[in-house]
Structure formats: C-alpha cells, structure tokens
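No lab work stands behind these numbers, since they all come straight from the coordinates. Keep in mind that this is a model prediction, so the values were computed, not measured. So basically every Cβ, Gly included, is an ideal-geometry build from the backbone, and we count neighbours across all protein chains shown.
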Amino acid sequence: MIGPERHAALSGWAFLAPALLLIAVFFFLPVMAALALSFTDFDIYALGDLQRLRFIGFDNYLQLLQSPLFWIALGNTAYFVVVGGPLSVAISLGAALLVNSRLTHGSAWFRTALFLPVVTTLVAVAVVWRYLYHPRYGLLNYGLSLFGVEPIDWLGDPNWAMPAIILMAVWKNFGFNMIIFIAGLQNIPPPLYEAARIDGANAWQQFRHITLPLLGPTFLFVALMTMIGYFQVFAEPYVMTQGGPANRTMSVVLLMYEEGFRWWNMGYASAAAFVLFALILAATMLQLQLRRRGSS
Amino acid sequence: MFSRRWFGVGRITITLSIMFPMFRLLSPIILLVLGLAGCDSGADRMVTVEFWAMGQEGERVRMLLPEFERRHPGIRVRVQQLPWSAAHEKLLTAYVGRTMPDIFQLGNTWIPEFVALRAIAPLDERLRTGSNLALHDYFPGILATNRLNGHTYALPWYVDTRLFFYRSDLLAAAGFSTPPTGWDGWRQAMTRLKGLAGPDRYAILLPINEWQLPVILALQCGAPLLRDQDRYGDFRDPRFRAAFAFYLGLFESDLAPPVSNAQMANLYQEFANGSFALYVTGPWNIGEFGRRLPAAIQPDWNTAPLPGFDDAPPCPGQDPENGAIGVSLAGGASLALARTSPRQEAAWLLLEFLAEPAQQAHFYQLTGDLPARQTAWNDPALAGNRHAQAFRQQLQHVQATPPIPEWERIAHRIAYYAELAIRKQMSVDEALTALDRDVDQILAKRRWLLERGLIP
C-alpha cells in the first residue's frame, strides 16, 4: 500500500522527472564531463587517439595560475566588472527614474528606444561602434575635438581599449536592467510619496528614504545578475578587439574560448572555466553577505 | 528506377510462373515486392559524394559539377557550404561525431593536424597507380605542404601567398618609377614615402596582430624557427633575431603604424586616400581592390613579389641572387579524402576532376582563386591579369612553415611578442626568450608523444 503522502511525493517526482532529466542530461552531465576533462590534457592529439590522453591531476590548474596571460585576463575581467558593473547599474537606475517620472511624456516610447540596444545584434553594433571609435573619422573624437581634446585611439591604445569596450557594453546592456528597475519602481505604492511630500520631503529625500530602500530586492537582483554577466564578458572584446591591443581586453572567457575552440586544449580550457566559476561563486556569496549585514 | 537486376528477377519470376501455375497467381505480388527492392538497389548504385567546401568556393564550385556528373553518370555530388569562420571547428566536430564528408576542402596549414587525427586518407596508392595527375605541374613549394612523413595526404586546390600591393603613383612620386629590388631598395623607398606622407600617413601597413611578415623575414634569413625535430622553439637563433629586429625597425622608424586589423575601419578607403602606400597581403585582395577601390585609383596600384635580403645586413651570408625575389609563405587550400569514407573511389574521381587544368582555370574565373596547377596559368583570363603576374613569380619562391599541428598557436605567440616589442613593453631579447619559453611549453605534449612513439 502506498500512503497518501508517499503517493503525493511520487506524483511530485513524476511531474518533475522530465525537467530533471533534461537538466541532468544537458547540464549536470556536461558539467561533470568538463570537470573530469579539466584533470586531463585532452587536446587535438587525444581527439585522434585516446592513448594520447594523460590524467595530469591539478597540472592544468597549476599551469593556469602560473600563466601570466591568465592573470592579465583576470585583471582585465576584474576591471570590466568593477568599473562596468556599477556604471551599468547606475545608468540603468538613472534611466529608469527618468522614464518613470511623472514629468516624462511618452515614457513608453523612451522605454522602447532605450531597450533597443539590448535586442540589437552585437556584431552589427560593434561595426557601428568601430566607426564611432575611429581615431581619424570617428564621431566620438570629432565631438571631443570641439572641446579641444586631442584625438584618442580608442581601440588601439592599450590604456583606452578597455574603457572603450566598457562604454559600448554599458550602452548595449543597460536597457535590460532599466526595465527591471522600472518594474521595481512601479511596485512602490504612490501614497508613500504623497505622505512624504505632505511631510515636506524634497525629491532627494524621497529618493533616499523611499525609492532606494524599497528598491532593495530589485537592486540586489540587478547587481548580482550584472556582476555575473560581466564576469563572463566575451562577445564585446571578441568582436571589437579580439583581446588586443597587447592583450589589454583579453577576458577570462575569451581566454577560455581561445584555448578550447581555437587551440583545442580542452583540458586547460575546462580548468579555466572552473576557476572562473569558483570566482563568480565567491563574489556572489560576498555580495549576498554584504547585503545581509547591511540590512540587519 | 528500373535497373537491370530488376529485369533479371522479373525474367526468373515469369519463367517460374510458366512452369508452375500456382506461381502465376503469386507472380504479380512477387514482382511488385522484388521490383521495389530492385528500385532500392538501383538507387544504391547511384553514389552520392558528400563534399564540404568553404565560403565562396563552396558556392561557386557547384557550377563545375554538372560537367563532372555528365562524365560520371553514376555519381552525384552534394556540396555543403561552410563559412570559413566555422569550418575548422565543423570539420573537427564531424570527425568526432563520425559524420565526415567523403571529400573536403581544408587550409593547407591544417593538414598536419588532420593527419595527427588520422582523419585523412593518404593518396600515395592512387597517385602511383593509374592516375594521370601530373604532380610536377604543381608549384613545388605548395605541393610540399601537402606531404608529411613521406606521404601525400591532399592535393592543392588553389594557392595563396603574401606579397606587396603598392600604390605605383605614390612610389613614382617618391622617385621610383619601377619597383625597387631587395629589402635595401624597398626600405629606402619606404623612408622616402614616409617623408612625403607626413606625420599622419605611413609607408606601409603591417597589422601588428599578423604573424606572417616576421615569419617570412625569418624564413628569408634562413632561420629554422624550431629545432630538434620541431621539439623546441629556436627563436633566439641569430638569424631569427636579425629578421625580428628588421621587422621591429619598420615600426621604430615610423614607416608602419602600430595598428591591428580590427582597428582598420575600412582598409580600402585608407589605401585609396594614401594612408599607406604598401601592404603585404594575399591574392584575394586582387579582386577586393578591383571592386572596392575608386575608379580613379585603379590604374595606380600594382603587385610585386617580396624582395629578399641580398648579401647585406641584417642577414649576411645570403645568396646575392636571392635579392630579387625573397621567399614567401606557401599557403592555400587543398582537397583531401576522409579516411573513413566508404565512397573514396568516387570522391577521388571528383578530386582528379577538380585538379584538371581546365577546371582550375574555370574555377579561377568563377572565384578569382589562383590555380595550383601551373598550366592553368596559361589560360588567357589569368595570363591577362596584370595583378596576378607577381603571384606567379612569387609562387616559385615559397616555403612551408613547420608541419606540426601546433604551428598556428606558435605563430600566434610570435605575433603577440612582436606586438609587445613594437610597443616597447619588452626588449627584443626579453621577447625572444619569452617566446622560446612559451613555445617549449606548447610543444611539451609533442615531445611526450614523440618519446613514446605515439606520433611519427
């Protein structure tokens, strides 16, 4: 006899089974295989004949940590996350406030317009931005020259390439976070603002004491997703600079891609992927911890 | 489709039904069943060859195929067109998934890799017996890239090498009405071009993310690149060092701008407006320059073989005769048969067909790809192309890069350290020491495999 509880549990599992099966086959299995790969020197030779495969323990990880290129890539990725992340969140919040403001006419139009870069193909965007960044004919340098700024070789100068990539990435991505912030803003009950206004709070005070605290959960979500996404920066440098000049825009995922799919060092590339995973996990935990401490 | 076998079976059935009346009732059914089976076996006899080719070649080669199918009525060819950017990955994935085509195009620098994978069927046997392929008709340096450890694994389809594209009007303005000879002469010309061009313009464009020119210069100096059966890097060799320093000198003297390919928003515009007068590039740009440069510039550009180092520094000890034309890279695409293909006979017929000089010349007209067979160059369309003639000369002076799967990766490191040295982030000696160290590490697996006899 199956008891009613047991029965319910069984039917629960039955309903979950298709989804679990899919996740197991298409997610856990590949991840486990990649983990196993990261302890081997799987490469083009091993692809032809498994006799040429060696289990090398943690060698890939050690080699990775000793590789200057990995540290350069990690540094660049950190730069991208630390500068680009907050910038993106701030700009999307600002845009959300503007679009959501009672004074803005045609906010639906602005919402769509600002969201457009998110749905535009990155490669097309990159081609246009490459023209904008052109040192001699670029619109950006032309604009700056009106203020007497010397032309900047945006993508060619090792010091400017990463800021240029960040600028483009933020422009491309902020629309998504903006939409989430708008949803968060619309969830704040209007009577709170009314009450604050009656009490004589100015716009800044309203923002500081009503908007920000009530946006807290939205903020956390946006910050986490942006950070995780920015840690995985790949497409922007891949199409704009291919990691150059002098590897100043080489990111960890780009390094992983090059090692894995350009040079077919699957073992080494898998190791890079797991190191990045560990870093993202640690950074996420840290951010959650800070948030918890901040709210208590 | 009714095949001869069907008629055979039909005849037996009819005979039987005459002999046994019972059979008369069944015979229509038997005929029907066997007839259907006969249909199948008829389709079996029609061989379909799967052919993978890249980019525009994959598109245009279809126009050659009706003639092939007319000559071989039993063979149909199915062409799959792969984009160049995904081709390498797709071929490897097909190899892993055991869905290799019967015949495929591949860059000739990929051959060592596919040989290491044992994905390619050697052609020695077919070339020895009953083939009318005249191997001596191929450019020898190009054919050499298709041979490995004494076996021929593929045949060149079209060829590729690097040489000068230059603005003849700017060169004339600098006092050279005919192209100079030797690197000495070209270097002088570049200095004068730069003098006329001013601070914003340059004599030559050498994208710093490309490894080709430093490697070409090293080959011209006789540098071995790798040592001990390609087990270790040999970049601190004085000949490589000399070539490397010469290359860096072009940037140091401000003759070339330190820019990468990705930064060139529109190369053709820049060439047209004189941002640079010289460019080292390959045959595909004959067509591109013809299409993309404004009409006014069309008479003012030309091609020239790469110069060599005559006995002068930086590469002393070079044969003075080398001065006129220096070696360049033996590039191009080849055709190979998959080792696992059950249709190698038919695929080989297709390979032989595409190698015919007449087809090669026709293919040139369709694509602009330069033929690998020298007789095909006598075709009036190609003989009349003034920009192609320098390539014909250059192709007699080409040399292969080390035939190992790791080469692309090594070449990439060369460009990387050259860039660091150009940007003065490393001295020449630091760059070459680091390059040797990286390359030794890249070759570690190869050394292990050689030690255990797992690769020849």
- Query: Can you work out the FRET efficiency for the pair residue A:186 and residue B:424, with r the C-beta to C-beta distance and R0 = 51 Å, to the nearest 0.05?
  - Reply: 0.40
- Item | Simple spin-label estimate for residue A:289 and residue B:448 in nanometres, 7 Å along Cα-Cβ | 3.7
- Net dipole in debye of region A:62-295 [+1 Lys, Arg Cβ; -1 Asp, Glu Cβ; about Cα centre; nearest 20]: 420
- Query: Hey, if you put +1 on the Cβ of every Lys and Arg and -1 on every Asp and Glu Cβ in the protein assembly as shown, which of A:99, B:327, A:240 ends up farthest toward the positive end of that dipole?
  - Reply: A:99
- Going by how many other Cβ atoms sit within 10 Å of their own, how do B:96, A:233 line up, fewest first? B:96, A:233
- Message: Report D for region A:62-295 in µm² per second (integer): Stokes-Einstein, Kirkwood Rh on Cα pairs, 25 °C, 0.890 mPa s.
- Response: 124
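Can you sort B:145, B:48, B:109 from fewest to most other Cβ atoms within 10 Å of each residue's own Cβ? Please report the intermediate quantities before stating the final value.
Numbers: B:145 26, B:48 13, B:109 21.
Ordered by Cβ neighbours within 10 Å, fewest first: B:48, B:109, B:145.
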- Size of the dipole of chain B about the Cα centre, Lys and Arg at +1 and Asp and Glu at -1 on the beta carbon, nothing else charged, in debye to 20? 1540
- Positive-end residue of B:279, B:425, B:64, charge dipole of the protein assembly as shown with Cβ unit charges: B:64
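If each residue of separation counts as 0.36 nm, what is the full-extension length gain between residue B:441 and residue B:412 once their alpha-carbon separation is subtracted? Spell out each step's value before the answer.
Details: separation 29, 0.36 × 29 = 10.44 nm, distance 1.41 nm.
Extra length available between residue B:441 and residue B:412 comes to 9.0 nm.
Using helices alone, what [θ] at 222 nm do you get for chain A, with -39,500 (n - 2.57) per DSSP H run of 4 or more residues, divided over all residues and rounded to the nearest 500?
Numbers: 16 runs with 198 residues, N = 296.
Helix contribution divided over all residues of chain A: -21000 deg cm²/dmol.
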- Return the average number of partner chain Cβ atoms within 10 angstrom of each residue Cβ along peptide A:243-251. 4
- Query: Taking +1 at the Cβ of each Lys and Arg and -1 at the Cβ of each Asp and Glu, which of A:254, B:82, B:191 sits farthest along the dipole of the protein assembly as shown towards its positive end, judged by Cα position relative to the Cα centre?
  - Reply: B:82
- Task: Choose one answer from A:113, A:195, A:223: the residue with the largest mean-square fluctuation in a GNM of chain A with alpha-carbon springs under 10 Å.
- Result: A:195
- Query: Ordered by packing density, taken as the mean number of other Cβ atoms within 10 Å over each peptide's residues, highest first, how do B:393-404, A:66-77 rank?
  - Reply: B:393-404, A:66-77
- Estimated FRET transfer efficiency when R0 is 25 angstrom, pair residue A:209-residue A:107 (beta carbons, to 0.05): 0.55
- Query: If R0 is 56 Å, what FRET efficiency do you get for residue B:72 and residue B:266 from their C-beta distance, rounded to 0.05?
  - Reply: 0.80
- Query: Got a sec? How would B:216, A:198 order by Cβ neighbour count within 10 Å, fewest to most?
  - Reply: A:198, B:216
- Task: Report the semi-axes of the equivalent ellipsoid for region B:331-450 in whole Å, largest first, where each axis is √(5λ) for an eigenvalue λ of the Cα gyration tensor.
- Result: 38, 24, 10
- Over the alpha-carbon set of the protein assembly as shown, work out the extent along each principal axis and list the three values in angstrom, largest first. 106, 96, 56
- Item | Order by protection proxy (mean Cβ within 10 Å, highest first), peptides B:376-385, A:201-210 | B:376-385, A:201-210
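If each DSSP helix of 4+ residues adds -39,500 (n - 2.57) and the sum is divided by the residues in chain B, what number results at 222 nm, nearest 500 deg cm²/dmol? Don't skip to the end; give the middle numbers.
Working: 21 runs with 216 residues, N = 456.
When only DSSP H runs of four or more count, the value is -14000 deg cm²/dmol.
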- For a quick protection proxy, order the peptides B:185-192, B:70-77 by their average other-Cβ count within 10 Å, most packed first. B:185-192, B:70-77
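Counting other C-beta atoms within 10 Å, and keeping those with at most 13, which DSSP coil trypsin sites (Lys or Arg not before Pro) do you find in region B:104-145?
On the way: sites: B:118, B:126, B:128; in loops: B:118.
Listed in order of number, the matching sites are B:118.
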